[in-house]
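Below: the structure, in structure tokens.
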Amino acid sequence: MSRHILAALSAALGLAALLSQDVLPADALLRAARGGAGAALVALAATGLGAGLLGLRRAASEGEPVDAVAAFALGGAALGTALLPPTALGLTHPAVFIVALLAAASGWLTRPRMRWPSAPAAAWVAGLALLAPGLLDALAPPVDTDEIYYHLALPAMLLREGALPGGVWLPDGSRPLVTHLLDAAAMVVGGEAGPKLLHWLGAAGLALAVRDVGARRLEARAGDVAALLLLGSYTVIQASGLANNDLPAALLVVLALDACLGGRRWWMAAFAGAALATKYTAAGPVVGIYLLWWWRRRGEPAGALPELAALTAAALAWVAPWWLRNGMEGLHPLFPFAGWTEMPGFAFMYPEKYGMGRGPVDLLLLPWRVVVDSAPDSYAFLGRVSPAALVCLPGALWGLARGRAPIAFVALVSFVAWAAGVHALRLLLPAAGVMALGAAAGWRELAGWGRAAALLVWLIGLPANHGPWLASVADRAPAALGWEDREALLARRVRDWHAVEWVNENAPEDARIALLFSWPRYHLERPVILGSVEDHVPSRYLLLSRGDDALTGLRERGVTHVLAWRRPFIYGTYEDFVGRKDYDARFAEPVERMQSLLLAEGTLVFEKGRVGVWRLQ
Amino acid sequence: MEICDDQRYPALAGPWAVGCDATGAVRVAIHVETGERVTIAAGGAPALADGLVYAPGIPSRVWRLPAGKSTPEAAIPGELIGPPATDGEVVVVPLADGLVRQALGDNRRQAIPGEPAPWYPPAVTGEWTVWVSLERGEEVIEAHEQGAMTARRLDSHAENGGHPRHVAASEGWLGWIRDDEVVLWHPEDGERRIPTDAHTSRGLSMWGGVACWESWNGEDVDIACSDGVQIARSGHQRAPSRWGDWLLYVDDRDRVMIVEVAAP
């Protein structure tokens, strides 16, 4: 009894000490608590829905427990898709999202038998240690470019403006928005940190799924190795605390692969389709998985072809609503990647901008270069992967040659598909799980000392991969923990912040803002159109297609103010693949035209450096 | 001399052209008559008066040209939201929570109630301080006379339209720009309105009762002054700054031009 009294006294002293030291300022604590609650609620609802879907099927057939991570991923994709009709109809009130979450959570009423993630204590400790900085990133105010123009901006705009973004004036919104609608639900409950914490949970789910699939389909240790390769790569780990649609797609791809290897072809189609609807760049690994399925059905060609067609149709059914939506809005189904009708041939992306060349020799050297020459801050792949991946490559190729590495085959197809496209490592992220598993399959082929050497290389390569990420997290950590003002971080890390702040504090309440050559849509507290995406496509398209009537077009859409960056391009970035004349026509001329038009038709009301706010006359 | 990150500089501080080096920060002063060059470190957006450069900071610094060495002044007591202003005797600093007026060489400060708009500098001459504020996003010109309890509203978009903005002051005259005119106002001599299209202006330059601004001619930007001086060459002429017969401006090749002018 006296020990219990002692323990209670110690606990009380500890609590008093913690409170006295103001460990976490109240607003940071509240933000973290609300974000955590939002993420947990959405994760629970998604898992309930997924478990209901998977469990119903299982109950009718195999009676196996439902994998919790698979349920989370499938339920999340299903919920994100189910939110399309109401939001497209303008039903964007927070109550709609709450009702949707409750409806999804009703999947738990089917009382599914769950298989929760399990791993040895050491694996949990290692995984959490590698992922822990991502929690700080998730709690920090958003400064990542992709978050502030796209992944958090669209959910925030949806909730703020009451309409599903999309069309030529908001082209990002015309992509499939499966994760963004789920993030909007997380934002309703959890505020700004809700979606980011949800994605952190998703990243942890990806690591668990990779480990689990590796352990079951390769060997126990190979699962650990695959998870280490995944979490030891800069490009993967830097996304762990950010809202994104790459890692969710990667998780669905791994689950599709697992279903394929387990002979559950309809679940393969379901996960593959969900992955495609989450991120189009999952197409590479999805094709690899389908080819693997086809290869495993060799010898029974008569039934395979119709089944392949049916499975493909089942997968595409996930993407079809988004194509249909674009079609109903008069857009190309694949807009914004195609269908810039007023300027045929207008390029959404320049693949040559990334990587180190696209000649035959360059492509052959790609596996080497992508590890050796990549850098997080360089257009040479714009990222980094663990050097241990290269150590595993010979083994993977050896296994492939011997016909005993189906996972490495899918990884190879994924890599080839990526090599045919844009050589930015973040675009390979949807294949990250299968690439890690493919490398682990290669690791399995090595002798004991080779396996040890691969792990040593992983360990030595860890600082080069986690270092740049930790440096940026360290910069954001004080704001995440409430020790630095949110505005101070934003002023330091968001280039156009001062102009955004001016608009938020000084523009009339009914102002409507056009962002030209500028990114931070998320932080603007007024209705906004345009804003940047790859190479500032929307602004260039407006200025090239409308010419001198560009600002007139904005005024006709109710725009009252323009927030613009006056120097968005540097010729050196493009000179290797765009001639000077073309550069002037496609990049420099729109900027010059914007400046002339703003001078003639706008009144400068704020300027800081090369960013300004103009009131349209 | 280069143009600056804040394109309201270079500008004239009496006979001194104060501008930037290649860093984009205000670091150079050149005498327009003798060509004497003085290196200063005035940072991003100093206040200028006849032969004087005031750089806000902790502490603030003052250069009395041609001396290249600065003297310390009282630190600014808050977050600066726009360039300060000086008439050579006092300095007015726009802060997030109001304006502060203090005599140079003196630590005493006076808080002026008001909510100055960011980016727009205030102006000061003698007893008068003038600034732009925003009400529901629309501009108001307010002025405060020493000793008065409250500021006086000189113009506002809500009452008169025209988005009044860009205040300036010199030798008892106050001035500001509206969409279709430049207004010069003197507490005793009354008001003068000059029709013009000055919408491209980043500011208004005043020397006594003479004002200069950017004038949009329908195709490009020229420079016009209230005493009839004009610079209307091909291409843009922007960012005028006037002192006596000297006019500084920037042409559309970003060259800093300093010319001697005479009123017609």
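Bear in mind these aren't lab numbers, they're just calculated from the coordinates by the rules spelled out. Computed from a predicted structure; not experimentally measured. For neighbour counting, all protein chains shown are included, and Cβ atoms are generated from backbone atoms with ideal geometry for every residue, glycine included.
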### Task
Work from the charge dipole of chain A (Cβ charges, +1 for Lys and Arg, -1 for Asp and Glu, about the Cα centre) and give the residue of A:PRO344, A:VAL66, A:ALA204 farthest towards its positive end.
A:VAL66
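Using the 10 angstrom Cβ neighbour count as an exposure proxy, how do A:SER20, B:SER205, B:SER170 rank, fewest first? Provide the component values of the computation, followed by the final result.
Working: A:SER20 8, B:SER205 27, B:SER170 23.
Ascending number of Cβ neighbours within 10 Å: A:SER20, B:SER170, B:SER205.
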### Summary
What helix-only [θ] at 222 nm does chain A give? Using -39500 (n - 2.57) per DSSP H run of at least 4, over all residues, to the nearest 500, the answer is -20000 deg cm²/dmol
### Query
When N is the residue count of the range A:546-613, what does its C-alpha Rg come to as a fraction of 2.2 N^0.38 Å?
1.25
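Neighbouring Cβ atoms within 10 Å as the yardstick, rank A:ILE407, B:ILE58 fewest first. All intermediate terms of the calculation are to be shown ahead of the outcome.
Working: A:ILE407 34, B:ILE58 9.
Fewest-to-most Cβ neighbours within 10 Å comes out as B:ILE58, A:ILE407.
Could you work out the Rg to Rh ratio of the range A:307-403, with Rh taken as the Kirkwood radius (inverse of the mean 1/r over all Cα pairs)?
That ratio is 1.12, to two decimals.
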### Query
Check A:GLY355: other-chain or 5+ apart residues with amide H under 5 Å from its amide H, H built from backbone geometry?
A:ALA380, A:PHE381, A:LEU382
### Query
For the range A:57-180, what does the alpha-carbon gyration tensor say about shape, rounded, prolate or oblate, given a ≥ b ≥ c as the root eigenvalues, a/c under 1.5 as rounded, and a/b over b/c as prolate?
oblate
## Note on the structure
Scaled by the rule-of-thumb 2.2 N^0.38 Å, the alpha carbon Rg for the range B:1-143 gives a ratio of 1.02
### Message
If amide hydrogens are placed 1.01 Å from N in the peptide plane, which non-local residues have theirs closer than 5 Å to the one on B:GLU139?
### Response
B:HIS157
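Give me the one-decimal Kirkwood hydrodynamic radius in Å for the range B:126-264, with the sum taken over alpha-carbon pairs. Show your work: numbers first, answer last.
Working: mean 1/r = 0.0647 Å⁻¹.
Answer for the range B:126-264: a Kirkwood hydrodynamic radius of 15.5 Å.
Quick one: dipole size for the range A:4-155, taken about the Cα centre, charges +1 on Lys/Arg Cβ and -1 on Asp/Glu Cβ, in debye to the nearest 20. The partial results should precede the final answer.
Working: 7 positive and 9 negative charges, 122 e Å.
In debye, rounded to 20, the range A:4-155 gives about 580.
Give, to the nearest whole percent, the P(r) tail of the range A:63-122 beyond 18 angstrom, counting all Cα pairs.
On the way: 834 of 1770 pairs.
That fraction is 47 percent.
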### Task
Place a +1 charge on the Cβ of each Lys and Arg in chain A and a -1 charge on the Cβ of each Asp and Glu, then give the dipole magnitude about the Cα centre in debye, rounded to the nearest 20.
1680
### Task
Using a/c under 1.5 as the rounded threshold, could you call the range A:140-261 rounded, prolate or oblate? The axes a ≥ b ≥ c are square roots of the C-alpha gyration tensor eigenvalues, and prolate needs a/b larger than b/c, oblate otherwise.
prolate
### Ranked by how many other beta carbons lie within 10 Å on average, peptides A:199-209, A:338-348, A:586-596, A:283-293 from highest
A:199-209, A:283-293, A:586-596, A:338-348
### Message
Going by average Cβ density within 10 Å per residue, which order do the peptides A:569-576, A:504-511 take, highest to lowest?
### Response
A:504-511, A:569-576
### Message
Compute the distance from the alpha-carbon center of the range A:416-477 to that of the range A:493-565, in whole Å.
### Response
38
### Query
In what order do A:ASP144, B:ASP252, A:ASP27 fall by count of nearby beta-carbon atoms within 10 Å, going from fewest to most?
A:ASP27, B:ASP252, A:ASP144
### Summary
Counting only residues 5 or more apart in sequence or on a different chain, those whose built amide H sits under 5 Å from that of B:TRP246 are B:VAL261
### Task
Determine the shielding of peptide A:597-605 by partner chains: average, over its residues, the number of Cβ atoms on other chains within 10 angstrom of each Cβ.
5
### Query
How big is D for the range A:258-372, in µm² s⁻¹ as a whole number, if Stokes-Einstein is applied with the Kirkwood radius of its Cα pairs at 10 °C and 1.306 mPa s?
94
### Query
Toward the positive end of the charge dipole of the protein assembly as shown, about the Cα centre and with charges on Cβ (Lys, Arg +1; Asp, Glu -1), which of A:PRO176, B:GLY51, A:LEU152 goes farthest?
A:PRO176
### Task
Please report Rg over Rh for the range A:484-617, where both radii come from the alpha carbon positions and Rh follows the Kirkwood definition.
0.98
### Bins of 5 Å, starting at 0 and running to the largest distance - Cα pair percent for chain B
1, 6, 14, 18, 20, 18, 13, 7, 2, 0
### Query
How big is D for the range A:369-461, in µm² s⁻¹ as a whole number, if Stokes-Einstein is applied with the Kirkwood radius of its Cα pairs at 10 °C and 1.306 mPa s?
118
### Distance between the range B:139-173 and the range A:1-26 - C-alpha centres, whole angstrom
59
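Please tell me the relative contact order of chain A in percent, rounded to the nearest whole number, where contacts are Cα pairs under 8 Å and at least six residues apart.
Details: 1053 pairs, mean separation 90.2, N = 617.
Normalised by residue count, the contact order of chain A is 15 percent.
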### Task
Quote the FRET efficiency, to the nearest 0.05, computed for A:ARG160 versus B:ILE258 with a Förster distance R0 of 56 Å and r equal to the Cβ-Cβ distance.
0.70
### A:ARG111-A:LEU308 FRET efficiency (beta carbon distance; Förster radius 35 Å; 0.05 resolution)
0.50
### Message
Quick one: 3J(HN,Hα) in Hz for the range A:221-231, Karplus 6.51/-1.76/1.60 with θ = phi - 60°, rounded, Gly and Pro as x.
### Response
5, 5, x, 4, 4, 4, 5, 5, 4, 5, 7
#### Entry: Relative counts (whole %) of C-alpha pair distances in the range B:143-190, using bins that are 5 Å wide
5, 19, 27, 26, 17, 5, 1
### Query
What ³J(HN,Hα) values, in whole Hz, does the Karplus curve 6.51 cos²θ - 1.76 cosθ + 1.60 give for the range A:178-184 when θ = phi - 60°, with x put for Gly and Pro?
4, 6, 5, 6, 5, 5, 4
### Message
If you consider only alpha-carbon coordinates, what radius of gyration and Dmax does the protein assembly as shown have, in Å?
### Response
31.6, 103
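What full-extension length gain, to one decimal in nm, is calculated for A:LYS581 and A:SER118 as 0.36 nm per residue of separation minus the Cα-Cα distance? Display every interim value, and only then the final one.
On the way: separation 463, 0.36 × 463 = 166.68 nm, distance 5.93 nm.
Extending this stretch completely gives an extra 160.8 nm.
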#### Entry: Pairwise label distance in nanometres, A:LEU365 with B:ARG64, each label 7 Å out on the Cα-Cβ vector
6.6
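Which FRET efficiency value, to the nearest 0.05, is calculated for B:GLN230 and A:TRP266 with the Förster distance at 60 angstrom and r the Cβ-Cβ distance? Mind dumping the intermediate values first?
Working: r = 79 Å, r/R0 = 1.32.
With R0 = 60 Å, the Cβ-Cβ based efficiency is 0.15.
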### Query
Taking the C-alpha atoms of the range A:12-98, how large are the radius of gyration and the largest Cα-Cα span, Dmax, in Å?
19.2, 58
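Can you compute the charge dipole magnitude of the range B:174-264 about its Cα centre, using +1 on each Lys and Arg Cβ and -1 on each Asp and Glu Cβ, nothing else charged? Give it in debye, rounded to the nearest 20. Provide the component values of the computation, followed by the final result.
Details: 9 positive and 17 negative charges, 45 e Å.
Dipole size: approximately 220 debye.
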### Message
Apply the Karplus curve 6.51 cos²θ - 1.76 cosθ + 1.60, θ = phi - 60°, to the phi angles in the range A:390-401 and return the couplings in whole Hz, x for Gly and Pro.
### Response
5, 4, 7, 4, x, x, 5, 5, 4, x, 4, 4
### Task
Report the full-extension gain for the segment A:LEU102 to A:LEU18: residue separation times 0.36 nm, less the Cα-Cα distance, to one decimal in nm.
26.6 nm
